[in-house]
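These notes concern the structure reproduced below.
The values are calculated or read from the model by the stated rules, or taken from the named source; none is laboratory data. It should be emphasised that the depicted structure is a prediction, and the values quoted were computed from it without experimental measurement. Cβ atoms come from the backbone with ideal geometry, glycine included; neighbour counts cover every protein chain shown. Surface accessibility is based on the protein's heavy atoms, side chains included, excluding ligands, DNA and RNA. Shrake-Rupley method; radii C 1.70, N 1.55, O 1.52, S 1.80 Å.
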Amino acid sequence: MRARGWASIGRLLAGSQRLSSRSHAVMAEEAKKLAAYAAVDNHVQNNQVVGVGSGSTIVYAVDRLAERVRQEKLNIICVPTSFQARQLILQHGLTLSDLDRHPELDVAIDGADEVDADLTLIKGGGGCLTQEKIVAGCAKHFVVIADFRKDSKALGQQWKKGVPIEVIPMAYVPVSRTIAKCFGGEAKLRMAVSKAGPVVTDNSNFILDWKFEHAHKWKEVNTAIKMIPGVVETGLFVGMAERAYFGMEDGSVQVRDPPVN
């Protein structure tokens, strides 16, 4: 009888943990939507060229953008950062363009894997870091949207998968060795989940995930890594974002601007 009782308690606890996990996930999705809607409402105006980022939070931003275009009859041109972003733009009936035709953007809106107190970002969990950085760099204003789980005082507190680094395939071994030698930690080749072999980016390159061991001067590290032969781009976005919107657990939206030096 006692054994059956303990088994019942175990099942109840496991069930409550699953419910808690599901409710946390639902809360995070709602938080993504809140942040995305706030950014689109505050930064997108008529007759603008808008950079559209990649990832799960951007889905809500494109939803809201399409809604506003329909309701307010806005003239908006969208430049994507990835194949996923391109498909979202087309699916919502928005006007698709590229940097050849529109090399200067009014605003770019994108997600992040982690945002620290200085608005330094880790991006590239979805493998689109190079295009995302190019589009952000072409925008007059770069705005970040995220849920409460992406907010950190220092990089590495929340995001444990490391800094993504896009590399030319033939160089991934020497690049990973150089990073470990110069900056510590370990840079591992990202392997695909539903296919055999490594993740391949939209640019036909590989991705290393550098799990660093301690905080760094990120601007200096970003520059140094980019100078290693074979590195295409890093997922460190330093001094680029001018504002971040965080959807919070309580249904509010927190706004963070860069610190005043």
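Points to keep in mind about this one:
- Pairs with Cβ under 8 Å, 6+ apart, first in segment 96-107 and in the same structural domain as Cys78 (by the TED database), second open to solvent by less than 50 Å² (accessible area, probe 1.4 Å) and assigned to a loop (DSSP other than H, G, I, E, B): Leu99/Cys138; Pro103/Cys138; Glu104/Cys138; Leu105/Cys138; Val107/Val44
- Counted residues, segment 60-81 - those being of a type in the set (Val, Ile, Thr) and under 15 Å from Glu132 (Cα atoms): 2
- Residue in segment 52-70 that is polar (S, T, N, Q), farther than 17 Å from Asp147 by Cα and at pLDDT below 95 present: no
- Near pairs, Cβ below 6 angstrom, 6+ apart or cross-chain, from segment 185-198 (within 21 Å of Ile225 (Cβ to Cβ)) to any residue that is of a type in the set (Ser, Thr, Tyr) and open to solvent by less than 30 Å² (accessible area, probe 1.4 Å): Ala187/Ser176
- For Asp147, the conditions (1) open to solvent by less than 30 Å² (accessible area, probe 1.4 Å); (2) at positive phi all hold with the exception of (2).
- For segment 150-202, taking the residues that are among the acidic types (Asp, Glu) and open to solvent by less than 40 Å² (accessible area, probe 1.4 Å), the one that is nearest to the chain's Cα centre (by Cα) is identified as Asp151.
- Number of positions in segment 35-76 that are more than 23 Å from Asp250 (Cα to Cα) and in a helix (DSSP H, G or I): 10
- Cross-chain or 6+ apart pairs with Cβ under 6 Å, segment 74-87 first and open to solvent by 60 Å² or more (accessible area, probe 1.4 Å), then at pLDDT below 95: Phe83/Asp202; Gln84/Ser54
- Flag for Leu105 being touching a Gly at 6+ places or on another chain (Cβ under 7 Å) and open to solvent by less than 10 Å² (accessible area, probe 1.4 Å): yes
- Segment 202-224, residues that are among the hydrophobic types (A, V, I, L, M, F, W, C) and touching a residue at least 40 places away in the same chain (Cβ under 8 Å): Phe206, Ile207, Leu208, Trp210, Phe212, Ala215, Trp218, Ala224
- Positions within segment 157-184 being among the aliphatic types (A, V, I, L, M) and either free of Cβ contacts under 8 Å to residues at least 12 places away in the same chain or outside any strand (DSSP E or B) (or both), in sequence order: Ile168, Met170, Ala171, Val173, Val175, Ile179, Ala180
- Check on Met227, without any contact (Cβ under 8 Å) to a residue 24 or more places away in the chain and over 17 Å from the mean Cα position of the chain (by Cα): yes
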